[in-house]
Amino acid sequence: MAEKTLVQALVKAQSEMGHAVFDQVNPQFKSKFASLKSVIDAVKPALNATGIAFVQRSIPLENGISVETVL
């Protein structure tokens, strides 16, 4: 996919995305947050409908794990 086409597809997908649902609670601060599953549920249908796929991989870090998303 050419860069211009990818940007156009991302703009279209973004216009169709809803917000992720705050479906989890941080017990330390009693604050709500959107889990990774909620974020994926919010973006995947719009991305896939515009021909964009994504993969995620975990990257071990000294203090935990990072998640990298690649379109």
- Message: Going through L61, L71 one at a time, which residue ends up being modelled with pLDDT under 95 and not small (G, A, S)?
- Response: L71
- Which residue pairs have Cβ atoms closer than 6 Å, lie 6 or more positions apart in sequence or on different chains, and pair a first residue in region 16-31 that is of a type in the set (A, V, I, L, M, F, W, C) with a second residue that is in a loop (DSSP other than H, G, I, E, B) and at pLDDT 95 or above? A20/A34; F22/A34
- Task: Being closer than 20 Å to S15 by Cβ and part of a loop (DSSP other than H, G, I, E, B) is the filter; apply it to region 33-71 and report the residue that is least open to solvent (accessible area, probe 1.4 Å).
- Result: I52
- (1) out of contact with any strand residue (DSSP E or B) (no Cβ under 7 Å at 6 or more places or on another chain); (2) outside any strand (DSSP E or B) all hold for F22 apart from (1)
- The number of residues in region 13-32 that are of a type in the set (S, T, N, Q), closer than 24 Å to L71 by Cα and either in contact with a Phe, Trp or Tyr (Cβ under 9 Å, 6 or more places away or on another chain) or open to solvent by less than 50 Å² (accessible area, probe 1.4 Å) (or both) is 0
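The values are calculated or read from the model by the stated rules, or taken from the named source; none is laboratory data. These numbers were taken from a predicted model, which means no experiment stands behind them. Positions of Cβ are generated from backbone atoms using ideal geometry, with glycine treated the same way; all protein chains shown enter the neighbour counts. Areas reflect the complete protein model, heavy atoms only, side chains present, ligands, DNA and RNA absent. Shrake-Rupley method; radii C 1.70, N 1.55, O 1.52, S 1.80 Å.
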